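Accompanying notes for the structure given below.
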Amino acid sequence: MKEALAAEPVVTLWTSKDSPRAIDEKIICATSCYEEWLEQLSYNERLALCTENRVQSQVLFGEAVLIIQEVGKWAEVLLPNQPTTKHKEGYPGWIPLCQLQEKSPPAMKTVRISSTVAPLFTEKHQKWLTLSFGTELAVVEVEEYVIHVDTPLGTGIVKRTDIEEGPRERTGEALLKSARQFIGLPYLWGGMSGFGFDCSGFVYAIHRASGILIPRDASNQVLTGEIVDTSRPAIGDLLYFGHDNGTGAIHHVAMYAGNGEMIHAPKTGKTVEQIPLAGTIYEKELCAVRRFLSAPSWRDI
């Protein structure tokens, strides 16, 4: 296997090289129109990403990707930063070769996008790309109001108000504060970015911003972390829900927000929301609570 870097603000991990539809052509080219693609998707087209098993996950600009093989214009890959039982080396799937750059990341100090999304400018201060929350960038030069950063596509500039250095606090309150900035963001199956999350991608991204790497999928997350009594969750704990009133397979995850409320990315057609747990179907389906404030032993799943 060889390492490459994601060279688009958001790169989709497809189930197979045949998964993209005609409408998805906008996001499988070298210069994708990701925001335009999202705006044009109908409810049924968004839903089909899940029901037709087209999308597995996403990877952010500059993140490492392991290439297993190249087949035509596609690469079969693993995402090493997304732990899963599907493969010991990372989440498996397919990515267009044109969205990858075979370049080793520089050994430099890094900063991370802390806004939901943020502009990346060229060195001539022209708008270049829109980057997602959680995107990590290598620092080249620091000025009073901007930072020059190294990217897979060359040097760019970000505003200092859009970035943060180092991990956030490892507290439940810090996790909740981070999660709340996405209230109102539309759900997207496979989503791992400030442009749209699915339920497990949402809690994964929030934890990773605090330097906590957890499994990609809810069904894997529940296998690790600290076990917490379902009647005594604390702010920032993750709540897991199962089919058949909690006796069946895990199908959803949310974050406990205190006072009997939770924050989550519900499903296609909905947006990230904070709601009371009482009186909802989720109350009947709650079957496990996990805490990830210390590094979980996810390699044991």
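The values are calculated or read from the model by the stated rules, or taken from the named source; none is laboratory data. Model, not experiment: these values are computed from the prediction. All Cβ positions, glycine included, derive from the backbone under ideal geometry; neighbour counts span all protein chains shown. Side chains included, ligands, DNA and RNA excluded: accessible areas come from the protein's heavy atoms. Shrake-Rupley method; radii C 1.70, N 1.55, O 1.52, S 1.80 Å.
Structural remarks
- Comparison of ILE227, ILE235, ILE250, ILE212 shows that the only residue that is surrounded by 18 or more Cβ atoms within 10 Å (Cβ to Cβ) and in contact (Cβ under 8 Å) with a residue 60 or more places away in the chain is ILE212.
- In the range 219-230 there is at least one residue matching the filter, namely being touching a His at 6+ places or on another chain (Cβ under 9 Å), farther than 21 Å from GLU173 by Cα and modelled with pLDDT of 95 or more.
- Taken over the range 259-288, the criterion of being open to solvent by 30 Å² or more (accessible area, probe 1.4 Å) and polar (S, T, N, Q) is satisfied by ASN259, THR271, GLN274, THR280.
- Residues within the range 172-189 that are open to solvent by 40 Å² or more (accessible area, probe 1.4 Å) and more than 14 Å from ILE235 (Cβ to Cβ), tallied: 5
- Selection from the range 151-171 of residues that are under 24 Å from ALA4 (Cβ atoms) and open to solvent by 30 Å² or more (accessible area, probe 1.4 Å): LEU153, THR155
- Sole exception among (1) farther than 18 Å from PHE61 by Cα; (2) open to solvent by less than 10 Å² (accessible area, probe 1.4 Å); (3) modelled with pLDDT of 95 or more; (4) of a type in the set (Gly, Ala, Ser) for SER193, by number: (1)
- Residue check, THR268 closer than 25 Å to THR116 by Cβ, in a loop (DSSP other than H, G, I, E, B) and modelled with pLDDT of 95 or more: yes
- The range 1-47: number of residues that are without any contact (Cβ under 8 Å) to a residue 12 or more places away in the chain and open to solvent by less than 40 Å² (accessible area, probe 1.4 Å): 0
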